[in-house]
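A short write-up of the structure that comes next.
The values are calculated or read from the model by the stated rules, or taken from the named source; none is laboratory data. Since the structure is predicted, the reported quantities are computational estimates derived from the model, not experimental observations. With ideal geometry, Cβ positions are generated from the backbone for all residues, glycine too; neighbour counts draw on all protein chains shown. For accessibility, only protein heavy atoms count, side chains too; no ligands or nucleic acids. Shrake-Rupley method; radii C 1.70, N 1.55, O 1.52, S 1.80 Å.
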Amino acid sequence: MIDRHIFENKKAVYYTLGCKLNFAETSSICKYLSENGIRKALPGEKADICIVNTCSVTELADKKCRQAIRRIKKEHPDSFLIATGCYAQLKPEETSRIEGVDLVLGANQKMDILDFLDAKNETKIAVLPVKDIKSFIPSCSGGDRTRHFLKVQDGCDYFCSYCTIPFARGRSRNGSIAELVKMAEEAGKTGGKEIVLTGVNIGDFGKTTGETFIDLIKALDKVESVERFRISSIEPNLLTDEMLEFIAQSKRFTPHFHIPLQSGSDEVLKLMRRKYNTAFFSSKINKIRQLMPESFIGIDVIVGLRGETAEYFNETKLFLETLPFSQLHVFTYSEREGTAALKIEPVVSPAEKQERSRQLLELSANKLEYFYRSQIGFTRRVLFEHAKKGTKMYGFTENYIKVEANYNLNCINKLIDVTLLNFNEDKTALIF
Ligand code: SF4
């Protein structure tokens with residue numbers, strides 16, 4: 001039995017890299033440690049414990065984790081530094097050799113931190129093989145955030161050829177609808193006006209409870225303490241027409257969709273082992289536009305996958321030029337150890353990757369400006385986020401338009417109806 005008294009008056013700092021899921025999990029770790037006497041260190045205070053929640057989605061992400069760990073240890077030299085998250089799970093030995101790391105915790109052990117803080121426990125690495133990761137750790141970020149991230153699902157069974165996430169987070173699993181509705185109600189009661197549903201492959205929700213994603217969103221749509229919900233990202237083949245029809249008439253789910261396409265070439269989609277083709281994808285986008293014309297549609301695309309010839313890239317560009325979306329999230333393919341894509345030839349040069357990324361970012365900027373311009377004159381509901389007095393304040397409409405206004409304390413964390421009039425000075429938001 002651990003003597004909890006050793007934690008009293010201990011201070012911890014938290015550093016998160018990567019996705020919304022990681023932020024939700026760090027927030028839950030922080031809440032759990034605070035409940036056990038380890039408070040969050042104040043800015044400028046030297047911490048006793050440092051927790052770094054890592055990401056490993058690309059080679060660059062790994063590098064940023066190593067840099068962050070070294071920097072934090074320099075800032076808190078006497079602290080006990082714990083590295084957890086995807087980089088720690090995928091490369092525990094490598095992580096343990098980074099100067100300053102005292103403990104490496106795997107994806108399944110994130111919430112077992114207290115067990116390892118006991119001085120008698122000299123474990124350096126506690127990482128389960130990914131096949132043994134079974135537990136679902138419920139998490140919801142809160143605190144001073146306007147928008148809360150509610151983790152509803154974890155892991156993935158898809159094994160797309162370029163992706164390491166299934167090797168870092170394990171197989172698809174989820175919390176029960178009952179526990180997630182309870183967590184959403186709690187977040188609403190503590191001032192959370194907006195909740196973003198997050199996970200790895202959230203459309204695959206229900207694998208471990210025999211429930212479905214449509215049942216989850218129907219249940220959440222009844223949570224009165226929350227004003228609105230956003231779906232962070234969902235695979236196109238899991239975004240059913242039934243869901244779209246429900247969202248179109250729902251009280252709380254916003255017309256904001258983030259859908260990974262990854263490539264606009266059917267040949268490249270096959271190389272990626274994705275579960276749809278371009279015809280299916282564009283029919284989904286057109287269905288959204290038909291049901292909710294004002295929707296914000298964000299699309300993920302990867303450029304430079306091995307085997308993506310200039311011809312295939314042009315197919316992607318032509319496909320995107322005709323698609324009625326709002327914005328692209330452009331990622332550059334990164335070689336990941338243990339992934340099937342490493343067997344594909346030929347390799348795309350860094351210069352070519354960069355040029356393809358530049359072309360799609362340009363296309364995205366034009367589409368975004370066109371979408372924003374199409375919203376001028378409409379009245380939308382904005383949730384203004386925390387801001388410093390005397391500065392501009394910002395918020396997002398239900399259809400994810402960024403809105404700028406002069407600071408007004410009475411509007412912070414409030415939903416306000418505004419009629420969108422024009423672009424702001426640097427064309428990064430609309431004003432009213
Ligand atoms: S769906 Fe594919 S890209 Fe997304 S997490 Fe799963 S394996 Fe990775």
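Brief remarks follow.
- Contact map, segment 60-74: first residue more than 20 Å from LYS46 (Cα to Cα), second residue surrounded by 16 or more Cβ atoms within 10 Å (Cβ to Cβ) and among the aromatic types (Phe, Trp, Tyr), Cβ cut-off under 6 Å, separation 6 or more or different chains; pairs are ASP62/TYR87; CYS65/TYR87.
- Close pairs from segment 347-361: first under 15 Å from TYR162 (Cβ atoms), partner of a type outside the set (Phe, Trp, Tyr) and open to solvent by 50 Å² or more (accessible area, probe 1.4 Å), Cβ under 6 Å, at least 6 apart: LYS353/THR332
- Residue in segment 385-401 that is touching a Leu at 6+ places or on another chain (Cβ under 8 Å), under 28 Å from LEU318 (Cα atoms) and not assigned by TED's automatic domain parsing to the domain that holds PRO255 present: yes
- Single condition LYS134 does not satisfy, out of (1) touching a Leu at 6+ places or on another chain (Cβ under 8 Å); (2) over 30 Å from HIS386 (Cα atoms): (1)
- Counting only strands (runs of 3 or more DSSP E) that sit wholly inside segment 354-432, those with at least 1 residues that are more than 27 Å from the chain's Cα centre (by Cα) are 379-384, 402-406, 415-419.
- Picking from residues in segment 24-46 that are hydrophobic (A, V, I, L, M, F, W, C) and open to solvent by less than 10 Å² (accessible area, probe 1.4 Å), the one that is nearest to the chain's Cα centre (by Cα) is ALA24.
- Selection status of ILE82, surrounded by 17 or more Cβ atoms within 10 Å (Cβ to Cβ) and more than 21 Å from the chain's Cα centre (by Cα): yes
- Top-ranked residue in segment 252-310 [being basic (Lys, Arg) and open to solvent by 20 Å² or more (accessible area, probe 1.4 Å); ranked as farthest from the ligand (Cβ to nearest atom)]: ARG252
- Among the residues of segment 212-251, the ones that are buried (at least 20 other Cβ atoms within 10 Å of the Cβ), part of a helix (DSSP H, G or I) and within 16 Å of the ligand (Cβ to nearest atom) come to 2 in all.
- Qualifying residue in segment 169-177 (condition: within 27 Å of LEU291 (Cβ to Cβ) and open to solvent by 40 Å² or more (accessible area, probe 1.4 Å)): no
- Tally of residues being on the phi > 0 side of the Ramachandran plot and more than 14 Å from the ligand (Cβ to nearest atom) across segment 124-162: 1
- Cβ-Cβ distances below 8 Å connect no pair with a first residue in segment 153-181 that is touching a residue at least 60 places away in the same chain (Cβ under 8 Å) and in the same structural domain as GLU59 (by TED's automatic domain parsing), a second residue that is more than 8 Å from the ligand (Cβ to nearest atom) and not in a helix (DSSP H, G or I), and a separation of six or more residues or different chains.
- Qualifying residue in segment 278-286 (condition: in a loop (DSSP other than H, G, I, E, B) and either of a type in the set (D, E, K, R) or more than 26 Å from ALA365 (Cβ to Cβ) (or both)): no
- So ILE165, is it within 13 Å of the ligand (Cβ to nearest atom) and either surrounded by fewer than 22 Cβ atoms within 10 Å (Cβ to Cβ) or at negative phi (or both): yes
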